[in-house]
Amino acid sequence: MTDALYCPENVARIVALANGADVLYCEAAYLDRDESLATQRCHLTARQAGLIAREAAVRRLALFHFSPRYEGNAEAFHREAREAFGGWVTVPKGRWN
C-alpha cells in the first residue's frame, strides 16, 4: 500500500483488502510528529501504518517508502509502527538506515 491518505474511507478500503493477510507491505513516509505533512502529501506515518495493520489483523507489517528526511532513523519507524500494531514489524535495510 502506498500513496494513501489516512482517512476513514481509505482505511476501510485498505483493511478490507488486507484483512487477515500474512504480510501487509505498507508505506510509512513520515513519522507521526510530521502527521500534518503526511496528510498534505497523501502519505502515511509509521503509526498510521501500524494502526491499519492492527485493524486488518495481519500477521506481519513490512514498512517501505520512507522520506529521505529521516535518513539514519530506521529504529524510530520500527518503534512507532510496532507500538501501534502490537505485532511483528520489519523495516528493510537500505541506504538510509
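The values are calculated or read from the model by the stated rules, or taken from the named source; none is laboratory data. What you see is a predicted model, and the numbers here were worked out from it, not measured in a lab. When we count neighbours, we look across all protein chains shown, and the Cβ atoms used for this are built from the backbone with ideal geometry, even at glycine.
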With in contact with a Leu (Cβ under 7 Å, 6 or more places away or on another chain) and either at pLDDT 95 or above or of a type in the set (Gly, Ala, Ser) (or both) as the only criterion, which of Ala76, Ala57 stands out? Ala76
Considering every residue within the range 36-43, establish whether at least one is part of a strand (DSSP E or B), more than 16 Å from Ala74 (Cα to Cα) and not hydrophobic (A, V, I, L, M, F, W, C). no
Looking at the range 80-97 only, could you name the residues that are modelled with pLDDT of 95 or more and over 11 Å from the mean Cα position of the chain (by Cα)? Glu83, Gly86, Gly87, Trp88
Of the residues in the range 46-75, those that are within 12 Å of the chain's Cα centre (by Cα) and assigned to a helix (DSSP H, G or I) number 9
Suppose the filter is on the phi < 0 side of the Ramachandran plot, buried (at least 22 other Cβ atoms within 10 Å of the Cβ) and of a type in the set (S, T, N, Q); does Thr45 pass it? yes
Residues that are among the aliphatic types (A, V, I, L, M) and over 10 Å from the mean Cα position of the chain (by Cα), drawn from the range 34-45: Leu37, Ala38
Could you tell me which numbered condition Glu71 fails, if it satisfies all but one of (1) surrounded by fewer than 15 Cβ atoms within 10 Å (Cβ to Cβ); (2) closer than 18 Å to Thr2 by Cα; (3) at pLDDT below 95? (2)
